[in-house]
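Remarks on the structure that follows.
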Amino acid sequence: MSAFFLFFMTMVFYVIVFWIASLGLDLVWSRTGIPLFAYYLYVAVGAYLTGLFSLPHVPLQNGVGNLFGFNLPGLLALPLAAVVTGLFAMFVGAVFMRRLRTDYLAVVMVAVALVIWDFSQNDITLVSGNTGLTNIPLPLAGVLHININQWTYLYTGVAFVWALALWWIMKTVSNSPTGRVFRAIRDDSVVAATIGKNVYRYQILSMGIGGFYAAIAGGFLAQLATSWNPSSWAPFEVFNVFTMVIVGGVGSNLGMLVGAALLQVLFIQGPTYVASNYLHSPTFETLAAAAIGVLMWLSLWFRPQGAVPERLKSTAWYLGREPALQETINPDLTVEERA
Amino acid sequence: MTTQPTTPILSTRELRKSFLGVTAVNGATFDVPRNLITALIGPNGAGKTTVVSLISGQIKADSGQVTIDGADVSGWPAHRISQQGLMRTFQLSRELGGMTVLENLMVSARRQTGENLVNVFLRPGAVKKEEAALAARALEILNRYGLYHLRDSRAQALSGGQKKLLEISRAVIADPKILLLDEPMAGVNPALIEKIGEYIIDLRDGGMSILMIEHNLGIVEKICDNVVVLAEGRTLATGKMSELRENEDVVRAYLGEVINADNGR
Ligand SMILES: Nc1ncnc2c1ncn2[C@@H]1O[C@H](COP(=O)(O)OP(=O)(O)OP(=O)(O)O)[C@@H](O)[C@H]1O
Ligand SMILES: [Mg+2]
């Protein structure tokens with residue numbers, strides 16, 4: 001029972017973390033129209049930085065070591081890493097969005113992510129190559145003197161609080177005039193520029209926010225695993241997040257939770273648990289992972305709007321709080337009556 | 001009326017643009033006077049749409065100069081030219097398809113407090129208030145152009161004629177000094193053509209300056225104060241429609257052809 005409960009809470013943790021990750025991708029991709037296939041690069045940067053900020057400095061020795069380490073408390077290392085990753089994402093955006101059309105950008109970003117991933121495997125001077133970062137401290141565990149199980153329950157709660165805050169922020173951004181400009185850019189960036197919006201600036205802003213969200217997710221993943229290495233962010237991982245966004249419903253904040261839950265429970269964590277406890281068959285796990293591709297295809301085919309479709313904002317939504325304004329408009333006066 | 005001559009709201013000087021060796025615009029030079037409706041006419045492929053895109057910054061000119069209200073905007077990016085007080089519509093309507101009709105207008109309004117995220121979080125009250133007022137203004141414009149009943153529809157669901165009206169509404173909410181219309185009446189039924197003509201005249205009477213591309217010379221004669229003729233990327237002539245009918249170059253290059261086509265109908 002206790003083993004199952006630990007598995008369950010770990011799964012909830014993953015659902016929460018990937019809710020955060022898909023919120024960020026949804027903003028950049030579905031709401032701003034940038035096909036950011038390098039999204040997992042930001043997850044990885046956030047994870048590495050969270051690790052480095054909370055680890056002590058280990059000088060390079062026998063191929064193991066890290067460039068720097070700040071020994072910061074994990075709860076602080078995480079947001080700090082996310083801010084730095086957000087700035088990094090804005091910088092990358094500023095460089096690549098300057099000249100490239102978004103469809104070329106998609107290809108270039110895939111290449112950039114692959115090159116950096118490959119580099120991270122071979123370079124041992126920065127973050128120990130394939131060994132990666134290990135022994136990333138569990139935040140609060142030392143202070144509160146709790147064991148790993150208790151820590152998992154506690155930190156799932158911490159992640160949930162983060163997720164709620166990030167969900168509220170994303171909701172506020174997407175409901176705002178700024179979010180409307182993002183959607184205008186997604187629908188037609190030429191029109192957005194024509195009506196006076198600085199498309200480049202908004203694209204960079206969107207990438208920055210997306211990078212922040214990706215990094216929070218990455219930091220949580222690294223802290224839960226107490227490690228981060230190239231196999232933690234294999235190139236295909238990003239497609240899981242894309243699938244969560246598609247299955248959940250592009251442009252829908254709650255849809256992202258549904259997408260993350262569906263994939264983690266039915267296709268990732270669930271099968272892993274079943275495979276290791278009952279079937280003892282890694283093949284099953286692999287098949288479940290492969291089924292994600294089928295899920296994406298089925299979803300696009302049968303329900304392209306996703307589980308929770310994007311909700312359009314109605315006139316009533318915009319006027320809701322100012323009922324007096326509704327009277328200034330005569331809804332019955334249509335063009336037919338004017339004629 | 002002042003006795004002093006006013007500078008044109010818009011002028012182009014020696015605009016040139018070629019695409020992979022095809023010269024689309026080849027020295028277009030003309031002025032658009034204030035507070036009038038100016039027609040930009042010329043045969044298919046004369047470079048009219050390209051000229052409009054060069055003025056509004058969607059396409060970068062190879063050379064030449066564009067002045068808006070006295071400011072040299074040559075080489076500026078589209079959004080800055082727009083902010084200078086210029087709006088345009090597209091020959092093939094470009095609606096923001098995934099957004100509602102109401103939002104298509106709201107997003108187009110100038111200087112919104114909530115377009116800065118700092119304000120979104122630090123001054124939510126001001127942003128909310130501005131949004132409601134903006135929605136009300138957008139609804140009035142939709143009502144004026146007969147789109148009120150479509151306010152909450154996705155813009156991609158609109159018909160061709162409705163999209164033309166949406167493009168005009170979206171430009172109008174920004175209250176531009178100069179409005180460029182690329183064939184606002186193409187593919188629209190005769191009753192709506194009449195209406196759009198009235199809308200354009202109303203905008204001029206409200207103080208706007210307008211440059212519109214139009215093939216139908218009957219409409220040009222009826223609603224335009226001034227005409228610029230473009231042929232092979234060059235300004236062939238400018239003046240009143242009645243004067244241009246006397247101009248042999250113009251008749252040879254364009255009018256003769258169109259008049260014959262009109263008779264053929
Ligand atoms: N993006 C482009 N790439 C290549 N050639 C182009 C491009 N845009 C325009 N052209 C060419 O430039 C010339 C002028 O085109 P433009 O669309 O400006 O003409 P127009 O006067 O608006 O014609 P119409 O009355 O048919 O709309 C044409 O020969 C066209 O093929
Ligand atoms: Mg044209």
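The values are calculated or read from the model by the stated rules, or taken from the named source; none is laboratory data. These numbers come from a predicted model, not from an experiment. Virtual Cβ from ideal backbone geometry, glycine too; neighbours counted across all protein chains shown. Only protein heavy atoms, including side chains, enter the accessible area calculation; ligands, DNA and RNA are left aside. Shrake-Rupley method; radii C 1.70, N 1.55, O 1.52, S 1.80 Å.
Miscellaneous remarks
- All conditions in (1) crowded, with 20+ Cβ neighbours inside 10 Å; (2) under 17 Å from the mean Cα position of the chain (by Cα); (3) polar (S, T, N, Q) hold for B:Asn216, with the sole exception of (1).
- Complete set of residues in segment B:223-250 that are at pLDDT below 90 and more than 20 Å from B:Ala28 (Cβ to Cβ): B:Ser242, B:Arg245, B:Glu246, B:Glu248
- The residues of segment A:253-269 that are open to solvent by 10 Å² or more (accessible area, probe 1.4 Å) and not aromatic (Phe, Trp, Tyr), listed by number, are A:Asn253, A:Leu254, A:Leu257, A:Val258, A:Ala261, A:Leu262, A:Val265, A:Leu266, A:Ile268, A:Gln269.
- Within segment B:19-35, the set of residues being open to solvent by 50 Å² or more (accessible area, probe 1.4 Å) and more than 14 Å from B:Thr67 (Cα to Cα) comprises B:Phe19, B:Leu20, B:Gly21, B:Val22, B:Thr23, B:Asn35.
- Qualifying residue in segment B:36-56 (condition: open to solvent by less than 30 Å² (accessible area, probe 1.4 Å), under 21 Å from A:Thr32 (Cβ atoms) and more than 16 Å from ligand 2 (Cβ to nearest atom)): no
- Any hit, segment B:110-121, residues being of a type outside the set (Phe, Trp, Tyr), more than 7 Å from chain A (Cβ to nearest Cβ), surrounded by 20 or more Cβ atoms within 10 Å (Cβ to Cβ) and out of contact with any Asp or Glu (no Cβ under 7 Å at 6 or more places or on another chain): no
- Residues of segment B:80-101 that turn out to be within 16 Å of ligand 1 (Cβ to nearest atom), part of a loop (DSSP other than H, G, I, E, B), touching a helix residue (DSSP H, G or I) at 6+ places or on another chain (Cβ under 7 Å) and not polar (S, T, N, Q), as a count: 2
- Out of A:Tyr48, A:Tyr40, sole residue that is farther than 17 Å from A:Thr102 by Cβ, touching a strand residue (DSSP E or B) at 6+ places or on another chain (Cβ under 8 Å), among the aromatic types (Phe, Trp, Tyr) and in a helix (DSSP H, G or I): A:Tyr48
- Residues that are more than 10 Å from every other protein chain (Cβ to nearest Cβ), more than 16 Å from ligand 2 (Cβ to nearest atom) and open to solvent by 50 Å² or more (accessible area, probe 1.4 Å) within segment B:163-193 comprise B:Asp175, B:Lys177, B:Asn189, B:Pro190, listed in sequence order.
- Within segment B:134-153, the set of residues being more than 7 Å from chain A (Cβ to nearest Cβ) and open to solvent by 30 Å² or more (accessible area, probe 1.4 Å) comprises B:Arg137, B:Arg144, B:Ser153.
- The criterion of at least 1 residues that are of a type in the set (S, T, N, Q), within 10 Å of chain B (Cβ to nearest Cβ) and under 15 Å from B:Ser108 (Cα atoms) is met by the following helices (runs of 4 or more DSSP H) wholly inside segment A:133-211: A:177-187, A:189-194.
- Within segment B:21-79, considering residues that are away from every other protein chain (no Cβ under 14 Å) and part of a helix (DSSP H, G or I), the one farthest from ligand 1 (Cβ to nearest atom): B:Val51
- The condition of being among the hydroxyl-bearing types (Ser, Thr, Tyr) and at pLDDT below 95 holds for only one of B:Ser53, B:Ser82, B:Ser93, that being B:Ser93.
- Members of segment A:190-209 that are open to solvent by 50 Å² or more (accessible area, probe 1.4 Å) and either in contact (Cβ under 8 Å) with a residue 60 or more places away in the chain or in contact with a helix residue (DSSP H, G or I) (Cβ under 7 Å, 6 or more places away or on another chain) (or both): A:Tyr200
- Qualifying residue in segment A:155-172 (condition: over 20 Å from A:Ser54 (Cβ atoms), aromatic (Phe, Trp, Tyr) and exposed (fewer than 12 other Cβ atoms within 10 Å of the Cβ)): yes
- Meets criteria (without any contact (Cβ under 8 Å) to a residue 24 or more places away in the chain, of a type in the set (S, T, N, Q), away from ligand 1 (no atom under 16 Å from the Cβ) and not in a loop (DSSP other than H, G, I, E, B)) for B:Asn104: no
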